[in-house]
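The values are calculated or read from the model by the stated rules, or taken from the named source; none is laboratory data. Note that this is a predicted model, so its numbers are computed, not measured. Cβ atoms come from the backbone with ideal geometry, glycine included; neighbour counts cover every protein chain shown.
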Amino acid sequence: MNRYLCTNCGFWQHYFTTPRGCPVCEDVRHSPPETGYHFLTPEQAQREVRTVWQQVGLDLLLFRNEPAIGINPCGYLLLHPEGNIAFESVPWYDELVLAQITALGGVRWWAASHPHTYGGAWQLQQQFNPEMCVQRDDLSWTSSFSVTWPFDDELELVPGVRLLHTGGHFAGHSVLYHEERRALFAGDLLKLHFQDGEVRGLSCHKGFNRRIPLTPAEINRYRRVLTPLDIREVFTSFDHGPQLDRADVLYMLNIRLTSRPSTEPLPLRARSVGR
Ligand SMILES: [Zn+2]
Ligand SMILES: [Zn+2]
């Protein structure tokens, strides 16, 4: 058995030979590569992929891969006195970044919003043996690592840091809310649309590539989960929206409930008109 990284999406498979396909790419929420699959073994990834990081405030590290792999998700590491939390994962953690994480105290909890950001979760499990937390409806996607803490609607990792099941984009899609930072780690619940380096629009989707919208019940569930949260900052699976707040997010979700299903971005500046 070896591990194989799909360069089209960043998903790892644990398999006896080079896989013929990738379940994430062939799922309706993604697209297979037009010119055929290419997989990296861990040895190839170690040679070809670097992991870079930046600090966002005192207690948060944001990781990315260079060159970008697949859909190029971020990974986050929340530093906490009761144990660090890795939320979302880059497809590859190189040796330098693993040493950096070790120096910062390792990882006590690992979780991700959904399978598009499982990335190199198995590497963190091998290195740090954290609790691996996955919402029960997404268990079938976790064959590259071993889940140790399946959860239902909500799981508090450390005081003030909670995983909340939202469903929608994936059946088990979950967000992480950090009460002290008033930060929502929104996964793929939100897509941020940038112009000149600023967030100018917001959208939500079941499948981004094929522009598949969510149903009203799915959007209503997003609203129910997010409404009680004081949100002043958003980190999605891909981007940071430092100024986004709960009103921005609820405005977009409310408009989506009163119009035909759509994945089109809603301009943020329209918010003041709608309030
Ligand atoms: Zn793939
Ligand atoms: Zn996704």
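Results, tabulated for the structure shown:
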| item | result |
| --- | --- |
| Residue list for the range 16-42, filter: more than 13 Å from ligand 1 (Cβ to nearest atom) and within 16 Å of residue 119 (Cα to Cα) | 41, 42 |
| Matching residues in the range 221-272 - criterion: being under 23 Å from residue 75 (Cα atoms), acidic (Asp, Glu) and in contact with a strand residue (DSSP E or B) (Cβ under 7 Å, 6 or more places away or on another chain) | 233, 239 |
| Output for the range 211-235, where each listed residue is in contact with a Gly (Cβ under 6 Å, 6 or more places away or on another chain) and among the hydrophobic types (A, V, I, L, M, F, W, C) | 214, 234 |
| Selection from the range 88-120 of residues that are away from ligand 2 (no atom under 16 Å from the Cβ), assigned to a loop (DSSP other than H, G, I, E, B) and not basic (Lys, Arg) | 92, 93, 94, 104, 105, 106, 107, 120 |
| Any chance residue 75 is at pLDDT 95 or above and within 16 Å of ligand 2 (Cβ to nearest atom) | yes |
| Filtered residues of the range 243-272 (kept if outside any helix (DSSP H, G or I) and within 19 Å of residue 113 (Cβ to Cβ)) | 244, 263 |
| Breaking point among (1) over 17 Å from the mean Cα position of the chain (by Cα); (2) within 16 Å of ligand 1 (Cβ to nearest atom); (3) aliphatic (A, V, I, L, M), for residue 121 | (1) |
| Every pair of residues 6+ apart whose Cβ atoms lie under 6 Å, when the first sits in the range 28-39 and is more than 12 Å from ligand 2 (Cβ to nearest atom) while the second is of a type in the set (Val, Ile, Thr) | 38/7; 39/18 |
| Selection count, the range 193-210, where residues are part of a loop (DSSP other than H, G, I, E, B) and within 19 Å of residue 260 (Cβ to Cβ) | 5 |
